[in-house]
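Values quoted throughout were computed directly from the atomic coordinates according to the rules given, and no laboratory measurement underlies them. Not measured: the values here are computed from a predicted model. A quick note on method: Cβ atoms are made from the backbone with ideal geometry, for glycine too, and the neighbour counts reach across all protein chains shown.
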């Protein structure tokens with residue numbers, strides 16, 4: 001008596017916060033999920049980051065081409081770096097709200113000495129996510145989280161390359177104020193450009209009200 005042909009299993013569901021041991025959402029927003037970065041995120045981050053257009057307005061620390069080795073290096077840092085004196089991992093993945101696949105990232109850069117109570121915010125997402133309001137929504141949520149998580153922080157700031165008007169708009173929509181321009185402060189691949197400085201004080205963050 002022959003065995004019946006086995007019925008093929010159904011296709012796996014899209015990844016979720018509970019599958020593949022991914023960290024749970026910190027924020028579930030209308031356009032994205034913000035969560036901690038996981039080791040398995042490296043390939044998706046590499047695909048989203050590997051674009052000259054994405055790297056154009058980033059520092060040399062964000063390489064182009066963006067290889068899987070660079071992605072794995074970044075994931076290794078983001079999954080281990082904690083704000084000094086705390087157990088808080090401040091680097092988040094910005095993920096598709098359906099598949100939980102990383103579209104980009106957001107985090108902070110610490111300052112030192114007399115500026116220790118200020119953080120610099122940095123963020124990026126792949127070209128496919130541009131122009132959809134994803135970053136504005138993610139930044140607003142992240143800013144609120146930073147001020148609530150670090151009560152000593154008085155100020156957040158963002159530095160934007162001259163010409164990156166889209167990033168300036170993202171910061172302004174999150175409440176940041178244009179404070180000044182560092183003229184000809186940046187040089188990348190031989191091109192000299194201004195750097196715009198935008199800041200947000202704790203008492204100016206309407207999301208905390």
Based on Cα coordinates alone, diagonalise the gyration tensor for segment 129-208, multiply each eigenvalue by 5, take square roots, and list the semi-axes in whole Å, largest first. 25, 16, 10
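Below 8 Å between Cα atoms, with a sequence gap of 6+, how large is the relative contact order for segment 148-200 in percent? Don't skip to the answer; put the middle values down first.
Working: 76 pairs, mean separation 22.5, N = 53.
It rounds to 42 percent for segment 148-200.
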Among 207, 198, 103, what is the fewest-to-most ranking by other Cβ atoms within 10 Å? 207, 198, 103
Which distance in nm do the two modelled labels at residue 173 and residue 136 give, with both placed 7 Å along the Cα-to-Cβ direction? 0.3
Two-site label geometry, residue 194 and residue 83: point separation in nm, points 7 Å out along Cα→Cβ: 3.2
By the mean-Cβ-within-10 Å protection proxy, highest first, 24-37, 176-189, 105-118, 63-76 rank as 24-37, 63-76, 105-118, 176-189
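Give me the number: length gained by fully extending residue 26 to residue 182, i.e. 0.36 nm times residue separation minus the C-alpha to C-alpha distance, one decimal in nm. Could the numbers behind the result be given before it?
Details: separation 156, 0.36 × 156 = 56.16 nm, distance 3.46 nm.
Full extension of this stretch gives 52.7 nm more.
List 58, 135 from most exposed to least, where exposure is judged by having the fewest other Cβ atoms within 10 Å.
Details: 58 17, 135 28.
Ranking 58, 135 by Cβ neighbours within 10 Å, fewest first, gives 58, 135.
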Max mean-square fluctuation residue, GNM over the chain, Cα-Cα springs under 10 Å, options 39, 78, 48: 39
Cα gyration tensor of segment 25-156 diagonalised, 5x eigenvalues square-rooted, in angstrom largest first, produces semi-axes 23, 17, 14
So how much slack lies between residue 39 and residue 114, counting 0.36 nm per residue of separation and subtracting their Cα-Cα distance, in nm? 23.5 nm
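For 156, 139, what ranking results if the residue with the fewest other Cβ atoms within 10 Å of its Cβ goes first?
Values: 156 27, 139 24.
Least crowded to most crowded, the residues run 139, 156.
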